Each structure stands twice: as structure tokens, then as C-alpha cells.
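Comments concern the structure below.
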Amino acid sequence: MTTNGHFSIGEFAKYSRTTRETLLHYDRIGLLKPISRGDNNYRYYSSNMLPLVKVIRTLQKLGMSLEEIKEVMDTRTPRLAVEHLELQIEKINSNIDDWIRARKLLLTLKNTISSVLNVDITEISIQYLPAEAVVIGDLNDFTRDRPNHAVELDFYQTMSEKYPDMDLDYMFSSTFSEERVKNKDWVHPDRFYFHNPEGHDKRPAALYAIGYEICGYGQGYNLYSRMFDYIEANGFEICGDAYEEYPLNEVCVTNENQYLMRVLITVREKSYK
């Protein structure tokens, strides 16, 4: 503290957690002038000015220029202050929502990738998996030899209309009906789905045969054949849908032919009555 209990510019910079250069610039543009100057022309500031610095710096972080902030300060009244603050609070709330959604997406991606980092891709196993939240689309329409990209476009369009506020950036996967799997038709998935943790649907809790294959999208036919033989040889039978996922994809792999496909086929032990 200095004369009359005021801060020197160095002290004020320290306690306002800014810099001397910043305060000098604020003074030059008339945004924040010192409360007084000493005989030596040194600038002095009041402790009451500390909250004002915080407001200025907060508004800067929200995207306002110093010129815009100065205009607000020069014309401020209690009513205008409330209006400006409400506007900035709305911006903060919007950013919070965006960050929360981004965090959920990145966590889902991280957990998905981490789940297969140490997996033995040559091994097929039988495991019980808990239910997982997903967003499942309507039945796909592959009639009239419609190409896969057209059917995928249908899915995205339907999802965007059905869930206008839901993120559509989550991992995209396919499901095959029990009948299709038993007929060894791995080409045309019955439905597509997203791995959205806020999804209204579920991949059911069940016993699954799980297998992996390094391949590009839609190129893992050999895996299905190997899994079919494994299920039969180990005393199990298919009793539900199959789920085709790509936990390692363009997000983390540069070669499109080196993605990791994971297939989960619903099974149960055979009954020998």
C-alpha cells in the first residue's frame, strides 16, 4: 500500500492478476484510469477498482473487444449494466452446453478406443455384456438395389428429423437381425445406430460372441464366417441380433483398410433335449 491506502500500478497489477503493461494500455485508451497520480507522476489505484478489472477481462474472454467494452463503460447505467450482463450470461450458458456436449463426445471416443488397445484380435470369445445406450434407426431400405450410401443418408436424415437436438457425431454402427445372421447375409444391415450415451434405445444386456478383424468398412466377411464356426464348435447357438462396430476408425487410423471391426453376435448355450 502507498499514500492514502492506494495501490501502486505494480501492486494493483499483482492483485488484479494482470500486468503493468495491460493497465497502461487501459489508461491510454481511457478504459480504466488510475484514481490519482503522485507528484512523481506514478499511477495509483483503489482496491474498489479490482472488480472492474475482473469484469473487463471476463468480457474480453467472452469475445468483446476493448473498444466495445469501453463503449459499454462510457454509457453505463444500472439498467444497461443488467442488460449487458444478462447477454454475457446467455453466452456463457451457451458455451457451457457446448463444452458439456463436446466432453461427452470425446469421452465416448476415448473410452471406445481405449477398450480395444490391448485386445487380441485373433481371439474369439464369449462374454456377457451389460446394456449400452444407443440410438437405433428405422429398418433400412435396400430394395431396388439401393446403394449403401443412399441408405446411410436416409438414416441421418431420419435421425436429424426425429432427434433435432441430438448430436449425430457418435460412432456409427450396424445391426443384423438373427434371421439375417443365420442365413449368413452380412452384406445389408437391417438397421444403423449411434453409440450416444444419452440414447433412448439399448443394445441389450446379453451373452455375446465377440470377434475382431482388421479391415475397411464392410470388408469383414471372413470374421463372420470364423465366428459362425466358433459358435457352433463351442456349444452355443445364435439367438439374437449381431452388432458390427468399428472402434478404431478414421478418428485414430490413417489407413482406411486398417480399421478395427468388432462384431458382437447374441448367443446362448445350446440345449440338448
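Once the Cα atoms of segment 112-172 are picked out, what are the Rg and Dmax in Å?
16.1, 42
Through the Karplus equation 6.51 cos²θ - 1.76 cosθ + 1.60, θ set to phi - 60°, convert the phi angles of segment 117-133 into ³J(HN,Hα) values in whole Hz; use x for Gly and Pro.
4, 10, 6, 8, 6, 8, 9, 10, 9, 10, 9, 8, 10, x, 5, 10, 6
Need one number for segment 228-273: average projected area of the convex hull over its C-alpha atoms, nm². Can you show the working numbers first?
Details: hull surface 16.1 nm².
With every direction weighted equally, the projected area is 4.0 nm².
Quickly rank 161-169, 189-197 as a protection proxy: mean count of other C-beta atoms within 10 Å, highest first. Could the numbers behind the result be given before it?
Details: 161-169: 11.7, 189-197: 21.1.
So the peptides 161-169, 189-197, ranked by packing, come out 189-197, 161-169.
In whole percent, how big is the carbon plus sulfur part of the accessible area of the chain, probe 1.4 Å, protein atoms only? Could the numbers behind the result be given before it?
Values: 8460 of 16590 Å².
Carbon and sulfur together cover 51 percent of it.
For the cross-link pairs 110/162; 182/270; 162/182; 110/202; 61/104, which exceed 22 Å when the distance is taken from alpha carbon to alpha carbon? Write down the numbers at each step before the final one.
Values: 110/162 27 Å; 182/270 15 Å; 162/182 31 Å; 110/202 20 Å; 61/104 24 Å.
Listed pairs above 22 Å: 110/162; 162/182; 61/104.
What accessible area per residue, rounded to a whole number of Å², is obtained for the chain using a probe radius of 1.4 Å?
On a per-residue basis, 61 Å².
Which order do the peptides 6-16, 113-123 take when ranked by the mean count of other beta-carbon atoms within 10 Å per residue, highest first?
On the way: 6-16: 17.7, 113-123: 11.1.
In decreasing order of mean packing, 6-16, 113-123 become 6-16, 113-123.
Suppose only helical runs count, i.e. DSSP H with n ≥ 4. What mean residue ellipticity at 222 nm does that imply for the chain under -39500 (n - 2.57) per run, divided by all residues and rounded to the nearest 500 deg cm²/dmol? Don't jump to the answer; show the numbers that get you there.
Working: 8 runs with 107 residues, N = 273.
Roughly -12500 deg cm²/dmol at 222 nm, from the helical runs in the chain.
Could you work out the relative contact order of the chain? I mean the mean sequence separation of Cα pairs under 8 Å and 6+ apart, divided by the number of residues, in percent.
Details: 365 pairs, mean separation 43.0, N = 273.
So the answer I get is 16 percent.
Could you order peptides 140-153, 42-55 by the average number of other Cβ atoms within 10 Å of their residues, highest first?
Working: 140-153: 11.6, 42-55: 15.9.
The packing order, highest mean first, is 42-55, 140-153.
The values are calculated or read from the model by the stated rules, or taken from the named source; none is laboratory data. Keep in mind the model is a prediction, meaning the values are calculated, not measured. Every residue, glycine among them, receives a Cβ derived from its backbone with ideal geometry; neighbour counts consider all protein chains shown. Note: areas computed on protein heavy atoms with side chains; ligands, DNA, RNA excluded. Shrake-Rupley method; radii C 1.70, N 1.55, O 1.52, S 1.80 Å.
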